[in-house]
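As structure tokens, the structure follows; a few thoughts come after it.
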Amino acid sequence: MLIREAQTDDIKSIQSVRNSVTENTLSDPALVSDGDCADYMFRRGKGWVCEIDNEIVGFAIADLQENNIWALFVQPGFDKQGIGRALHDTMLQWYFSKTKDTVWLGTAPGTRAELFYRKSGWKETGTHGKNEIKFEMSYDDWMNH
């Protein structure tokens, strides 16, 4: 398993992973363009990918402009291997090296993602968007988790 910074050439694989997931699916995959991915990875924040046998099987993207975790997804069939944890921790380590501002994310209730974030020390703070749970992670909570 290799975690590395995402590059422009990775966007097609990132989109493939994003559109393969069975939870927190996009109502319309066209809503997130390759340009959106590039914008979040290179202008607004940074992205990482996980490779196994030269195949991208997961990715994470943090947005410094909105203090948001824009994406964290693992391809079905590669769960429970520590990929999400490695991407999560790499991303938050970078995020909090750039700012001490609290970071937030939204995810659907009743999903494995919800449980993952709760176990990872995220605090539920309300709702976001279309009935998603809003979670936050402060700098102090990250450093003490």
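A Cα-only calculation for the chain places Rg and Dmax at 14.1, 39 Å. Given +1 at the Cβ of Lys and Arg, -1 at the Cβ of Asp and Glu and no other charges, the dipole of the chain around its Cα centre is 300 debye to the nearest 20. Computed from phi, the 3J(HN,Hα) profile of segment 97-102 under the Karplus parametrisation 6.51, -1.76, 1.60 (θ = phi - 60°) reads 7, 9, 7, 9, 5, 4 Hz, with x in place of Gly and Pro. When the charge dipole of the chain is built from unit charges on Cβ atoms (+1 for Lys and Arg, -1 for Asp and Glu) and taken about the Cα centre, the candidate among Met91, Leu31, Trp48 whose Cα reaches farthest toward its positive end is Met91.
Placing pseudo-labels 7 Å out from each Cα toward the beta carbon at Ala38 and Met1 gives an inter-label distance of 3.1 nm. Out of every Cα-Cα pair that segment 52-105 contains, those further apart than 15 angstrom amount to 47 percent.
Rolling a 1.4 angstrom probe over the chain with all protein chains present gives an accessible area of which 46% lies on carbon and sulfur atoms. The trypsin sites (Lys or Arg not before Pro) of segment 64-145 meeting both criteria, a DSSP state outside H, G, I, E and B (loop) and at most 15 other C-beta atoms within 10 angstrom of the site's C-beta, are Lys80, Lys100, Lys130. One decimal place: the segment Gln93-Leu115 gains 5.9 nm when fully extended, by the rule 0.36 nm per residue minus the C-alpha distance.
The values are calculated or read from the model by the stated rules, or taken from the named source; none is laboratory data. As the structure is a prediction and not an experimental result, all values here were calculated from the model. Don't worry about glycine lacking a Cβ; one is built from the backbone with ideal geometry, like all the others, and counts go over all protein chains shown. Ligands, DNA and RNA are excluded from the accessible area calculation, which covers all protein heavy atoms including side chains. Shrake-Rupley method; radii C 1.70, N 1.55, O 1.52, S 1.80 Å.
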